[in-house]
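Notes follow the structure.
The values are calculated or read from the model by the stated rules, or taken from the named source; none is laboratory data. None of the values given here were measured: they were computed from a predicted structure. As a convention, Cβ positions derive from the backbone with ideal geometry for all residues, glycine included, and neighbour counts pool all protein chains shown. The protein model used for the area step is the full one, side chains on, heavy atoms only, and it has no ligands, DNA or RNA in it. Shrake-Rupley method; radii C 1.70, N 1.55, O 1.52, S 1.80 Å.
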Amino acid sequence: MTDKHQQKMAAKKAVMDAKIAKATEERGILILMKGNGKGKSSSAFGTLARSLGHGKRCAVVQFLKGRNETGEYKFFRDHPMVDWHVMGDGFTWETQNKEQDIAAAERAWETAKPYLSNPDYDLLIFDEMSYMFKYQYLDVEPVVAALQQRPPHQNVIITGRTMATPLQDIADTISSVQDERHAFRLGVKAQLGIEF
Ligand code: ATP
Ligand code: MG
């Protein structure tokens with residue numbers, strides 16, 4: 001029993017070691033966190049904590065304004081190594097004024113874009129950016145171009161339920177968070193410290 005287990009583990013380790021030996025490249029990656037389940041933005045902010053822990057310089061641009069002051073904003077905003085921009089003021093969504101929505105999206109992109117040419121920043125988070133493409137408030141091509149031209153060491157995380165195909169085409173890591181169950185549907189209201 002133990003022998004068998006040891007053999008199995010040794011074989012697993014050999015496979016893993018071979019994979020590790022093959023992954024030799026060092027460069028920044030584009031991560032997409034998509035899907036309908038809960039955990040996309042919180043994953044991005046977990047990675048933010050990880051990078052900051054190592055002394056990396058980071059920036060967060062939130063394309064949609066949700067709650068006024070989220071826990072993550074209150075926690076990270078005073079950190080000397082992170083810039084935090086809550087954009088998305090002025091969105092009227094599909095209902096009223098598309099031009100105003102486009103203007104709001106463009107303001108957010110104008111805030112985000114310069115970071116993609118600034119090598120001082122190691123990690124960028126563009127939270128809920130995917131909606132800009134879904135609702136055609138922003139063209140995806142200039143965003144793809146800026147992502148492709150960014151400093152080679154720079155990591156970028158984009159979150160949002162649905163991702164534009166051109167972003168998926170250039171991404172290095174794509175995680176899809178599946179919605180199996182959500183407390184909201186059990187009648188639990190959004191909770192401070194958990195949802196925002
Ligand atoms: P989180 O910020 O908690 O990681 P998220 O970024 O994956 O969530 P969003 O699509 O940005 O999810 O939605 C943000 C808010 O909506 C959060 O309060 C989250 O708990 C809630 N939410 C996420 N997925 C669902 C779902 N499937 N049903 C109901 N509410 C959801
Ligand atoms: Mg989110």
Within segment 53-64, considering residues that are part of a loop (DSSP other than H, G, I, E, B) and touching an Asp or Glu at 6+ places or on another chain (Cβ under 7 Å), the one nearest to ligand 2 (Cβ to nearest atom)
L64
For segment 27-47, enumerate the residues that are within 16 Å of ligand 2 (Cβ to nearest atom) and surrounded by fewer than 14 Cβ atoms within 10 Å (Cβ to Cβ).
N36, G46
When you check K74 against the structure, is it open to solvent by 20 Å² or more (accessible area, probe 1.4 Å), basic (K, R) and either touching an Asp or Glu at 6+ places or on another chain (Cβ under 6 Å) or within 14 Å of ligand 1 (Cβ to nearest atom) (or both), yes or no?
no
Hits in segment 51-69 (condition: under 23 Å from F91 (Cβ atoms) and open to solvent by 20 Å² or more (accessible area, probe 1.4 Å))
L64, K65, G66, R67, N68, E69
Anything in segment 1-46 that is outside any loop (DSSP other than H, G, I, E, B) and in contact with a strand residue (DSSP E or B) (Cβ under 6 Å, 6 or more places away or on another chain)? List them, or say none.
L30, I31, L32, M33, K34, K40, S41, S43, A44
Matching residues in segment 103-137 - criterion: being open to solvent by 20 Å² or more (accessible area, probe 1.4 Å), farther than 19 Å from M33 by Cα and assigned to a loop (DSSP other than H, G, I, E, B)
N118, P119, D120, Y121, Q136
Residue list for segment 175-192, restricted to those being closer than 21 Å to T159 by Cα, open to solvent by 60 Å² or more (accessible area, probe 1.4 Å) and charged (D, E, K, R)
E180, R181
Residue that is within 13 Å of ligand 2 (Cβ to nearest atom) and either in a loop (DSSP other than H, G, I, E, B) or without any contact (Cβ under 8 Å) to a residue 24 or more places away in the chain (or both), where the choices are R50, R67:
R67
Qualifying position, being of a type outside the set (G, A, S), assigned to a loop (DSSP other than H, G, I, E, B) and in contact (Cβ under 8 Å) with a residue 60 or more places away in the chain, among Q168, Q178:
Q178
Those residues of segment 148-181 which are in contact with a Lys or Arg (Cβ under 6 Å, 6 or more places away or on another chain) and not hydroxyl-bearing (S, T, Y) amount to P152, M163, V177
Picking from H85, H79, which residue would you name as being open to solvent by 50 Å² or more (accessible area, probe 1.4 Å), part of a strand (DSSP E or B), in contact with a helix residue (DSSP H, G or I) (Cβ under 7 Å, 6 or more places away or on another chain) and without any contact (Cβ under 8 Å) to a residue 60 or more places away in the chain?
H85
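The rows are residues; the columns are (1) out of contact with any Phe, Trp or Tyr (no Cβ under 9 Å at 6 or more places or on another chain); (2) at pLDDT below 95.
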| residue | (1), (2) |
| --- | --- |
| D122 | yes, no |
| I125 | no, no |
| L138 | no, no |
| R150 | no, no |
| H153 | yes, no |
| G160 | no, no |
| P166 | no, no |
| I174 | yes, no |
| A183 | yes, yes |
